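Trainee: Sharing a structure here in structure tokens format.
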Amino acid sequence: MIARVVVPIPLDKAFDYTVPEAMQSSIQVGSRVVVPFGRRILTGLVVELSNEERDVTRLKAVSDVLDTRPSLTEEMLTLTRWIADYYMCGWGEVIRATLPSGIDFRNTYTVHFSATENASAALNESTKELLHTLRMHDGSTLDALQKIDKTISLTTLRRLEQAGYVRLESALKKPAVRIKKARHLTLVSSIPNQQSLEELKTEVRGPQQHAVLHTLYDLQQEGSEIPSVSETLARSGASSSTVKSLEKRGMLRIVEKEVLRTPLGDMPTNPPKPPIHTLHTAQVQALERIHTAIAASRFETFLLHGVTGSGKTEVYIAALKDVQKQGKTGIVLVPEISLTPQTVTRFRAHFGDVIAVLHSRMSPGERYDAWRALRSGRFPIVIGPRSAILAPLENIGLIIVDEEHEGSYKQFDPAPRYHARDVAVMRASMNKAVCILGSATPSLESFSNARIQKKYTYLSMPERVPVPGKTAAPLPAVRTIDLTLEKKKKQLTGVLSKPLKEAIGQRLAKEEQIILLQNRRGYSSVLLCQTCGWSPMCDDCAVTLTYHKVQHHLRCHYCGKTQKIMRKCGNCGGTDLSRLGAGTQRVEEEIEAHFPTARLLRMDLDTTSTKNAHHKILSQFERREADILIGTQMVAKGLDFGRVTLVGVINADAGMLLPDFRADERTFQLLTQVAGRAGRASRPGEVLLQTRNPQHPVLQYAINHNYELFAKNALEQRNTLQYPPFGRLVRIEFKGPEEGMLEKLSGEWARHLPQVAGIQVLGPQPALISKIKKQYRFHVILKASKKITHNTLRELVAQASKRAKSLPKGYRMAIDIDAVSLF
Ligand SMILES: [Zn+2]
Ligand SMILES: [Zn+2]
């Protein structure tokens, strides 16, 4: 028998191994196996088994089979294969991403000898010898045993375990993750009533033993059949030696039960049972379409376009209940659990025990437990960030991608560099399942798939859910504050304009809450006219030029064209061109100076580096322990605070100055999302945008809540420049310790690219963030027109990589298909 095995290396290749006779009955497609690989020992996954007759003399043998049940189902094998193909990475790398960290390398096992009598005569000599060794080294790890006797394998031990000679306990080697167990008590014979309790008590002496029996009887009456040892001891006041002596007398047994670790420590506990809502018309209409597809068990993707507060979550929950009734499973993707606690809480309130929550900050132990529970079918629903799309669920009926426009759905490092939304659509199609992509501001890709390509079914919910007894809450009023005008009036001394300060003061007086957004990513590397808000751009790429201090020039970091720094503004001729940058801290200081009694909370990268920081800040704000929440984009996510009536955006232009062809789209999304935080309950909300470009179309669309017009114009521009969703982008990143060498390597690679009409090769040149952690970064961007297929693009990249010399030690190349970030 030959096993084709995939190992977690960046090569997209499988390797053949022979399967020793003893393992042939246990090995399956999808099983993890231990294999020799060069001079290393790796854990791989069996992707194919065959019995073909061929010369196997040069093949090495599988050293061990780790799974009694395959780790990956056939569906997951197909899906991971597709991801490896599409995103051009190793199949083993994708498989590794589907398994909890730590089990990709080796499990270790502790072997406990459990046979009480001597090995029976029926055993052959070698088995007897082996048992002798195991008894001598009772409690050793498999690794330690293999040092003593090389022939000991997990397969052999499993057989001995079945025969009752040993007991195996698995644990992960590094990080040390074990199945967590708690000890429980069960009575050997039950105590049906008070009388039999008294009878039982006559059999033992001592008040402590009596107390234990009493407690067990009471607990049993309360419905606890196998109480934990610790609980019994606590209630009876007895010591563990009492329990042991009762066990010795054969009156009770101590059993071990698995405990599942959960990542919910930082989540609100015991969410209250949700009230039964009557859905409003748009929700009912959307659900009808979704329900039809679910009932027919057919693959269909819906784009659920609902404004902030339109009740998308209720639609998701109703659809999930639908598939639950069919006995199928569901996956819910959210951008980042710690930023969407309210969404998660609502799902937990509805589905309680059957929903598993995955979390990007879970410990390896929690991850391992969640994975096993999902694999065994214990949880039919999973909610989590992008990696949850790879959860080991079977029989999937529904996949939901909430806030589908979020950039965080794209993975960059390590490979696979997949887009969870696109994988979601693919996985749904493989399962004949329904996929719902939900957003108040759909990505232009999804919008075009729904409205232009008609690949997705478009569902619209244009109004907010009415407050019971009232009409629908209006979307908040959005106003701009012209910073250049304020400056002319000499009213702008810091970062806060006079009208914004006045508005803040009014809300504070009314004891209402305020959110201030300071979005400054990549901001300071862009030149800006202080008089009119103009910024120099690349004519070819429609992105802002980046200021480079060392070379003292401006550069387009897409195509690499450079330009001298101009003295005058290209729009108004003014000479006040400078770089601006005010962080959240600066805003905080100014607020403190103006409103010394206001209570502030700041949420940015600095204040959220610890595990539960997000949740702590948000719940403090929710409990109204603060009046003002100042933060970066993090504060714009799906939060719903009833008392927030003012949202202030310190610099609405900042996002648009980002050298990114998606800058406009991101700005529109951010402004719409953050505006949606205002006036969510019955209080009307107001949004103030400070800007130097009040007439900028993107701001105008956001002010008027006009997604349609925004999308129409943005798509026209994308079409002209052949940016996605019309064309395709592939970014090849080179990283290494020496800049000159990197430039040379990336240049050589690019020269090996065959020339094809319709494909533009941009670069190589330094990435926007040209150095991270002492590693320089260069990139080449391939921009393909819509006529070029994905396969053609793949072929080109593969050819160049094959022809180019392999990279020297310390240098790395990463292929990012459908790159979202071009930094
Ligand atoms: Zn100007
Ligand atoms: Zn350019």
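Trainee: Kindly indicate whether any position in region 777-790 is more than 30 Å from the chain's Cα centre (by Cα), outside any strand (DSSP E or B), under 25 Å from Asp12 (Cα atoms) and of a type outside the set (Asp, Glu).
Mentor: Yes, some residue in region 777-790 is more than 30 Å from the chain's Cα centre (by Cα), outside any strand (DSSP E or B), under 25 Å from Asp12 (Cα atoms) and of a type outside the set (Asp, Glu).
Trainee: Let me ask something else. Note down all Cβ pairs under 8 Å where the first residue falls in region 539-565 and is farther than 11 Å from Leu768 by Cβ, the second is acidic (Asp, Glu) and assigned to a loop (DSSP other than H, G, I, E, B), and they're at least six residues apart or on different chains.
Mentor: Cys559/Asp540; Lys561/Asp540
Trainee: Can you find even one residue in region 492-513 that is surrounded by fewer than 17 Cβ atoms within 10 Å (Cβ to Cβ), within 16 Å of ligand 1 (Cβ to nearest atom), modelled with pLDDT under 85 and more than 39 Å from the chain's Cα centre (by Cα)?
Mentor: no
Trainee: Among the candidates Glu739, Glu748, Glu795, which residue alone is surrounded by fewer than 20 Cβ atoms within 10 Å (Cβ to Cβ) and closer than 29 Å to Ser448 by Cα?
Mentor: Glu795
Trainee: Just for region 89-114: of the residues that are modelled with pLDDT under 90 and aromatic (Phe, Trp, Tyr), which one is nearest to Leu160 (Cα to Cα)?
Mentor: For region 89-114, the residue satisfying everything is Phe113.
Trainee: Open to solvent by 40 Å² or more (accessible area, probe 1.4 Å) and in contact with a Phe, Trp or Tyr (Cβ under 9 Å, 6 or more places away or on another chain), is that true of Lys773?
Mentor: No.
Trainee: Across region 534-592, what is the total count of residues that are open to solvent by 80 Å² or more (accessible area, probe 1.4 Å), within 16 Å of ligand 1 (Cβ to nearest atom) and either in a loop (DSSP other than H, G, I, E, B) or of a type in the set (Asp, Glu) (or both)?
Mentor: Selection size over region 534-592: 4.
Trainee: Going by what's in this entry, would Gln530 be described as within 16 Å of Ile650 (Cα to Cα), within 16 Å of ligand 1 (Cβ to nearest atom) and either at pLDDT below 90 or not basic (Lys, Arg) (or both)?
Mentor: Against the criterion (within 16 Å of Ile650 (Cα to Cα), within 16 Å of ligand 1 (Cβ to nearest atom) and either at pLDDT below 90 or not basic (Lys, Arg) (or both)), Gln530 qualifies.
Trainee: For region 29-39, give me each residue that is crowded, with 16+ Cβ neighbours inside 10 Å and not in a strand (DSSP E or B).
Mentor: Val29, Gly30, Ser31
Trainee: Could I ask something else about it? If Leu483 passes every condition in (1) within 23 Å of Glu588 (Cα to Cα); (2) open to solvent by 20 Å² or more (accessible area, probe 1.4 Å); (3) within 16 Å of ligand 1 (Cβ to nearest atom) but one, which one does it miss?
Mentor: The failed condition is (2).
Trainee: Turning to a different aspect of this structure: Pull up region 1-13, narrow it to residues that are in contact with a helix residue (DSSP H, G or I) (Cβ under 7 Å, 6 or more places away or on another chain) and outside any strand (DSSP E or B), then point me to the one that is least open to solvent (accessible area, probe 1.4 Å).
Mentor: This residue is Val7.
Trainee: Related question: Which condition number does Met741 fail, the rest of (1) in a strand (DSSP E or B); (2) more than 31 Å from the chain's Cα centre (by Cα) being met?
Mentor: Evaluating Met741 over (1) in a strand (DSSP E or B); (2) more than 31 Å from the chain's Cα centre (by Cα) leaves (1) as the failure.
Trainee: Further question on the same structure: May I ask you to say which residue of Leu577, Leu554, Leu605 is within 16 Å of ligand 2 (Cβ to nearest atom) and not aromatic (Phe, Trp, Tyr)?
Mentor: Of the residues listed, the single one that is within 16 Å of ligand 2 (Cβ to nearest atom) and not aromatic (Phe, Trp, Tyr) is Leu554.
Trainee: Are any residues in region 227-247 within 24 Å of Pro192 (Cβ to Cβ), out of contact with any helix residue (DSSP H, G or I) (no Cβ under 9 Å at 6 or more places or on another chain) and open to solvent by 60 Å² or more (accessible area, probe 1.4 Å), and if so, which ones?
Mentor: Glu247 - this is the single residue of region 227-247 that is within 24 Å of Pro192 (Cβ to Cβ), out of contact with any helix residue (DSSP H, G or I) (no Cβ under 9 Å at 6 or more places or on another chain) and open to solvent by 60 Å² or more (accessible area, probe 1.4 Å).
Trainee: Tell me which residues, restricted to region 773-801, are without any contact (Cβ under 8 Å) to a residue 40 or more places away in the chain and of a type outside the set (Val, Ile, Thr).
Mentor: Lys773, Lys774, Lys787, Asn791, Glu795
Trainee: A further question follows. When you look at Ala440, is it out of contact with any Cys (no Cβ under 9 Å at 6 or more places or on another chain), open to solvent by 20 Å² or more (accessible area, probe 1.4 Å), touching a residue at least 12 places away in the same chain (Cβ under 8 Å) and of a type in the set (A, V, I, L, M, F, W, C), yes or no?
Mentor: no
Trainee: Filter the helices (runs of 4 or more DSSP H) completely within region 612-718 down to those with at least 2 residues that are open to solvent by 10 Å² or more (accessible area, probe 1.4 Å) and farther than 30 Å from Val344 by Cβ.
Mentor: The helices (runs of 4 or more DSSP H) meeting that bar are 697-703.
Trainee: Just to be sure I understand, how many residues within region 248-274 are modelled with pLDDT of 70 or more and either open to solvent by 60 Å² or more (accessible area, probe 1.4 Å) or among the aromatic types (Phe, Trp, Tyr) (or both)?
Mentor: 5
Trainee: A follow-up question, please. Across region 138-160, which residue is nearest to Ile27 (Cα to Cα) among those that are open to solvent by less than 70 Å² (accessible area, probe 1.4 Å) and not in a helix (DSSP H, G or I)?
Mentor: Filtering region 138-160 for residues that are open to solvent by less than 70 Å² (accessible area, probe 1.4 Å) and not in a helix (DSSP H, G or I), the one nearest to Ile27 (Cα to Cα) comes out as Ser153.
Trainee: Scan (1) of a type in the set (S, T, N, Q); (2) under 35 Å from the mean Cα position of the chain (by Cα); (3) within 16 Å of ligand 2 (Cβ to nearest atom) for the single condition Gln585 breaks and write down its number.
Mentor: (3) is the only condition that Gln585 fails.
Trainee: Next up: Please find, within region 202-214, the residue that is most open to solvent (accessible area, probe 1.4 Å) out of those that are in a helix (DSSP H, G or I) and under 11 Å from Leu246 (Cα atoms).
Mentor: Among those that are in a helix (DSSP H, G or I) and under 11 Å from Leu246 (Cα atoms), it is Gln208.
Trainee: Which pairs have Cβ atoms under 8 Å, sit 6 or more apart or on different chains, and link a residue in region 354-369 that is part of a helix (DSSP H, G or I) to one that is of a type in the set (S, T, N, Q) and open to solvent by 40 Å² or more (accessible area, probe 1.4 Å)?
Mentor: Val354/Gln324; Pro364/Ser101; Glu366/Thr262; Arg367/Ser101; Asp369/Thr262
The values are calculated or read from the model by the stated rules, or taken from the named source; none is laboratory data. Keep in mind the model is a prediction, meaning the values are calculated, not measured. All Cβ positions, even for glycine, are placed from backbone atoms using ideal geometry, and neighbour counts span all protein chains on display. Surface areas here come from the heavy atoms of the whole protein model, side chains and all, with no ligands, DNA or RNA. Shrake-Rupley method; radii C 1.70, N 1.55, O 1.52, S 1.80 Å.
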